[in-house]
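The values are calculated or read from the model by the stated rules, or taken from the named source; none is laboratory data. On a predicted model such as this, the values are computed, not experimentally measured, just so you know. Here the Cβ is made from the backbone with ideal geometry for all residues, glycine too, and neighbour counts use every protein chain on show. Calculation scope for accessible area: heavy atoms of the full protein, side chains included, ligands and nucleic acids excluded. Shrake-Rupley method; radii C 1.70, N 1.55, O 1.52, S 1.80 Å.
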Amino acid sequence: MLLSSKPTARPGPQQSAWLPCGLITKWLTLAAWLAITVIAFPLAGKLSGVVEHNPAAELPRGAESTRVVQLADRFPDGEVAPGILVYVRDSGLTAADRAKVEVDRRAVASLAVGQVPAATRSDDGRALMITVPLRDDDGLSDAAKQVRSQADRGLPPGLQTRLTGPAGAALDTGDIFDRFDVKLLLVTLAVVILVLLVTYRSPVLWLLPLLSAFIALQVTNAVVYLLAAHAGMFVAPGAASILTVLVFGVGTDYALLLLARYREELRRHPDRHVAMAAAMRRAVPAIAASAATVCLGLLCLLAADMGFNYALGPVGALAIGGGLAVMITLLPALLAIFGRWVFWPRIPRYGTYGEQGTHRDEGADGGAGSSGTRGGRRVSVWGRVGARIGRRPRLVWIGSALALGLLALGALGIRTGLDDAHIATTTPGSVLGQRLLTAHYPAGQSRPVQVIADAHAAPQVTATLRTVPGVAKIGAARASADGRQVKTDVVLSDSTDSRAAAATVDRIRSSVHKIPGTLVGGSAATALDRARAQAHDRRVVIPLVLVVVLAVLMLLLRALVAPLLLVATVILSYLAALGGGWLLFNHVFGFPAVDVQVALIGFLFLMALGVDYNIFLVSRIREEAARIGHRDGVLRGLTVTGGVISSAGLVLAATFGALAVLPLTMMVEIGVMVALGVLLDTFLVRSVVVPALALDVGRRFWWPGRLARTEAPARTEAPARTEARARAPG
């Protein structure tokens, strides 16, 4: 059996004593994590209790509409979320219908804040509307559910009723997350288990990364809960879903990369503790650099204006940190405790490491992909891919870049901004109610624009609003508790989520801003401010992420050319994912537009996670190039990392794809787009474009580092050795 050119030293296990995989420290590490898990588990279960539905925290920071929300508690109805019950009979309302509506109005009065006004009849005589002012607190969903149940009870045949308005929307959102958070976790677990089983073809090994990822999730959830409960950290609705995906996806990726290096080292060392120590010394720096890149990229969201984006940064960084901490401490300890047999039936034996990273029992890809035979030895799929790329690298990377560019062209016709009817992939009751309301009342009836002004300016504000085109109805001014300010509801002619409504908001603001101290908010104004905040965040956060990622790569690789090329390839991958994603959303899923948050969140994940795989690949290439020369190092790096990175990419794509089980269009779009981008990056950019570029550029790839100036000596093969050392303890 052919071994590497330099005989492998046989250090004793004492050299790993200080690591989590040492003879004693593995047990100490396990005991520590068991204690942490026992403490964290009950705290993790409380995370849903600190998820905030505070509208102001999730809205654009400092925006005019956000300031209106923040001033709401100064008014008697400031803590109120209206629930609007709409009743419709297409043939015209009957006396029984009117009696049912009055019964409901009196029945829900006990749930309301203040009085429930008499029902409002539509001009066509086919609809009645009740506005139920509900307290906007943690009990909103329960109160809204009781209102909906009362309306559904004892309906006369042929009479339709729906609950809409802010309270109805809050109830639908709560129902979605209550039903689907557990489903998301189960789907994520299933896809991770499947990929691990296919990758390692072992009935045992998959349990350890999965157990580690589950513990990482519980610990991270507990930390997020503690920070939210005691340090004021904002946890937005949906953040828990993204946290689950990040911990399982990225954590399992780190586990796969460590396992692949551990498998290599088990063939070089007779003692498993020494093998794990060697694997940690070689793999953990790249894994830590990758995690740092993702964390720093996520923390760039602290420069965002949009409240949801701002909140996602710290939560996402904690998810990455939790996954990293567990995978480089607990997982090595578990592997050292269980020994080689966890790889059964493909147990890596000492002394079976062969030429070009091949070995007797499987290909160099660590279990992913099939192998062929060359010259009496097995050659992995990625060895053959590298050989083909090496023949014409320039043609390969140019052709691949053109293919990605063509896919990116799909983004040219992209439309952004979802209306209320398409926020969910299903049609919730509040949307159906809004349709009924729009058919029989002014379109903006359920969500009026709110104008706040100084009390003495109330007559001037009302007179000014009457002159604005697009205003259908102006309500009576209501004074604040201290009498200093007034709030006026303005019903628009157009639906609050339409472009026409946005234009009307701009006209209202242009008119009333001439009156000092006047602010304009409400649903239509909020939608407008959200779109502008997202545009700001894209302009600020995207360049900041690029700078951070480039700086990390330069420090890690000690080069300039390679980081620039790597960042360029990930940008191209993102644009291709954006174009391909839009084609899927528009022509397959039937979505009319992309949510305004998807472009930025998708870029952030694809840039940070795409650079992840490039770090793993190029770090290994750099290690091999220093030993055997640039060209051989590129091919060798691709060969030995191809399988494990491909498996990691499948895990990450599958976990993000699991977001498609959520009936929220934004989550589906983020999941599908990131999954598509990860697959493109894994199987085309990282496996084809980057190696081809490295081969075409040559040693200048490492400029101005040392590898750009000196070539490593040519690799030589050691003579064959006997099988006497093929089996060893440990």
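Here segment 600-649 is assigned +1 on the Cβ of each Lys and Arg and -1 on the Cβ of each Asp and Glu. Its dipole about the Cα centre then comes out at about 120 debye. For LYS26, the aspartates and glutamates whose Cα falls under 16 Å of its own Cα, not counting residues fewer than eight places away in the same chain, are ASP271. Look at the alpha carbon pairs under 8 Å that are at least 6 residues apart: their mean separation over the length of segment 450-578 gives a relative contact order of 21 percent.
Here's the picture: a label point sits 7 Å out from the Cα of LYS46 along the beta-carbon direction, and within segment 217-244 the residues with their amide nitrogen under 15 Å of it are 219-233.
Counting only DSSP beta bridges with both residues in the chain, the antiparallel share comes to about 95 percent.
Helical runs assigned H by DSSP (4 residues or longer) give the chain a calculated mean residue ellipticity at 222 nm of -19000 deg cm²/dmol, each run adding -39500 (n - 2.57) before division by the residue total. Remark: the chain carries a charge dipole of roughly 3020 debye about the Cα centre, counting +1 on each Lys and Arg Cβ and -1 on each Asp and Glu Cβ. Among 537-546, 479-488, sorting by the average number of other beta carbon atoms lying within 10 angstrom of each residue, highest first, gives 537-546, 479-488.
Can you give me the relative contact order of segment 565-630 as a percent, contacts being Cα pairs under 8 Å and 6 or more apart?
Relative contact order of segment 565-630: 38 percent.
Considering segment 71-185 at the alpha-carbon level, its Rg and Dmax are found to be 15.3, 50 Å. Peptides 646-652, 148-154, 663-669, 196-202 ordered by packing proxy, namely the average of other Cβ atoms within 10 Å per residue, highest first: 646-652, 663-669, 196-202, 148-154. For segment 390-432, the percent of C-alpha pairs falling in each 10 Å distance bin, counted from 0 to the bin holding the largest distance, reads 22, 22, 20, 17, 13, 5, 0. In summary, the chain shows an alpha-carbon radius of gyration equal to 1.12 times the 2.2 N^0.38 Å reference for compact globular proteins.
Here the convex hull built on the C-alpha positions of segment 522-628 has a volume of 104 cubic angstrom per residue. Extending 7 Å from Cα along the Cβ direction at LEU226 and again at THR120 yields two label points whose distance is 5.0 nm. Between the Cα long axis of helix 239-266 and the first principal axis of the chain there is an angle of about 0°, rounded to the nearest 10. Between SER110 and ALA551, residue separation times 0.36 nm minus the direct Cα-Cα distance comes to 152.8 nm. Per residue, segment 41-119 exposes an accessible area of 50 Å² to a 1.4 Å probe, with every protein chain left in place.
Put +1 on the Cβ of every Lys and Arg and -1 on every Asp and Glu Cβ in the chain; which of ALA229, ILE414, LEU436 then has its Cα farthest towards the positive end of the dipole? Result: ILE414.
Taking every alpha-carbon pair under 8 Å whose residues sit at least 6 apart, the chain reaches a relative contact order of 20 percent. Protection proxy ranking for 35-48, 234-247, using the average of other Cβ atoms within 10 Å per residue and placing the highest first: 234-247, 35-48.
If I compute solvent accessible area with a 1.4 Å probe over the protein chains, what percent of it on segment 142-282 is carbon and sulfur? The computed percentage sits at 62.
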